[in-house]
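The values are calculated or read from the model by the stated rules, or taken from the named source; none is laboratory data. As the structure is a computational prediction, the values presented were derived from the model and not from experiment. Don't worry about glycine lacking a Cβ; one is built from the backbone with ideal geometry, like all the others, and counts go over all protein chains shown. SASA here: full protein model, heavy atoms, side chains in, ligands and nucleic acids out. Shrake-Rupley method; radii C 1.70, N 1.55, O 1.52, S 1.80 Å.
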Amino acid sequence: MAKHYIIMSSSYTDGTRVALDITEDRLLNSEAIAKIIQDIKQSCGKDVPLSTHLIETESDSWASVAEYDPFFEEVVCSKSVQEFSEKIKTGRVLKGLDVATYILSKIKCTHLSLEKLVYFSYADYLCKYSERLFEDQIYAFTHGPVVESVYETYKRSGTQYVKSLDVQTGVKELPARSRILFAKDGAEKLCSIDETIQRYGKYSAGALVELTHRPGSPWAHVDSSKPYQVISDELISAHHHVECV
């Protein structure tokens, strides 16, 4: 018989559950396992969601685990702590499209208003925590700040309410919310986005554009007549207060 101490989490990038299967006798003690979990949290964040399982099977193979309990079927088993951590860490970084999907699960938006709400979510979080909400750059377009992934996904919606990704993928509010929560510092990010929606979600697209176009705003400091001019974090931190309500 072989003992398996299994540490599990999720990889949102790959869309799978992932596992680290510890079977070596020298590692199957509380001190060694505590060190492994500490290393994972140091790499992925102290708030990383992990679950642990201890089972015995007839061999030390991962296939024997899936045969023993169907719960572990389709779980991707990593070969090392580093590989396991990298799979989790990549999925803990949000993209602008993740935030847009969550916003669309909460309220109806046109493409223009969605762009502004994603931007305001980013700016509010940056100014409050001095950390980036998601990894995408913010660009200055004619009608205000834009996130390219959101723009490319929803630009064909025109002035109509955009159809959220749940129409295509089945993403509703609960999984969209879970995606935000899984990110590094996910609870505070979700709270911040909700506060932004509450503050700005009642405004029309035109009113939101007026806010971002106020003299002295971050957008106003960039030449939007040139394509894909970045609105830097430094500009947002220094001038976001101008466009706040």
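Structure data summary
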item	result
Members of the range 114-124 that are out of contact with any strand residue (DSSP E or B) (no Cβ under 9 Å at 6 or more places or on another chain) and either surrounded by 24 or more Cβ atoms within 10 Å (Cβ to Cβ) or within 15 Å of residue 210 (Cα to Cα) (or both)	114, 117, 121
Hits in the range 212-236 - residues which are open to solvent by less than 70 Å² (accessible area, probe 1.4 Å) and either aliphatic (A, V, I, L, M) or closer than 19 Å to residue 134 by Cα (or both)	218, 219, 220, 222, 229, 230, 231, 232, 233, 235, 236
Of residues in the range 137-164 being open to solvent by 30 Å² or more (accessible area, probe 1.4 Å) and under 20 Å from the mean Cα position of the chain (by Cα), the one nearest to residue 192 (Cα to Cα)	137
Whichever residue in the range 40-83 is open to solvent by less than 40 Å² (accessible area, probe 1.4 Å) and part of a strand (DSSP E or B) and, among such residues, is farthest from residue 11 (Cα to Cα)	57
Qualifying residue in the range 78-101 (condition: at pLDDT below 95, over 17 Å from the mean Cα position of the chain (by Cα) and more than 27 Å from residue 7 (Cβ to Cβ))	no
Residue 115 among the charged types (D, E, K, R), in a helix (DSSP H, G or I) and touching a Pro at 6+ places or on another chain (Cβ under 8 Å)	yes
Count of the range 13-39 residues which are open to solvent by 60 Å² or more (accessible area, probe 1.4 Å) and either of a type in the set (D, E, K, R) or in contact with a Ser or Thr (Cβ under 9 Å, 6 or more places away or on another chain) (or both)	8
Residue in the range 89-102 that is open to solvent by less than 50 Å² (accessible area, probe 1.4 Å) and of a type in the set (Lys, Arg) present	yes
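Table: residues versus (1) without any contact (Cβ under 8 Å) to a residue 12 or more places away in the chain; (2) crowded, with 17+ Cβ neighbours inside 10 Å; (3) in contact with a strand residue (DSSP E or B) (Cβ under 6 Å, 6 or more places away or on another chain).
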position: 200; (1), (2), (3): no, yes, no
position: 203; (1), (2), (3): no, yes, no
position: 210; (1), (2), (3): yes, no, no
position: 242; (1), (2), (3): no, no, no
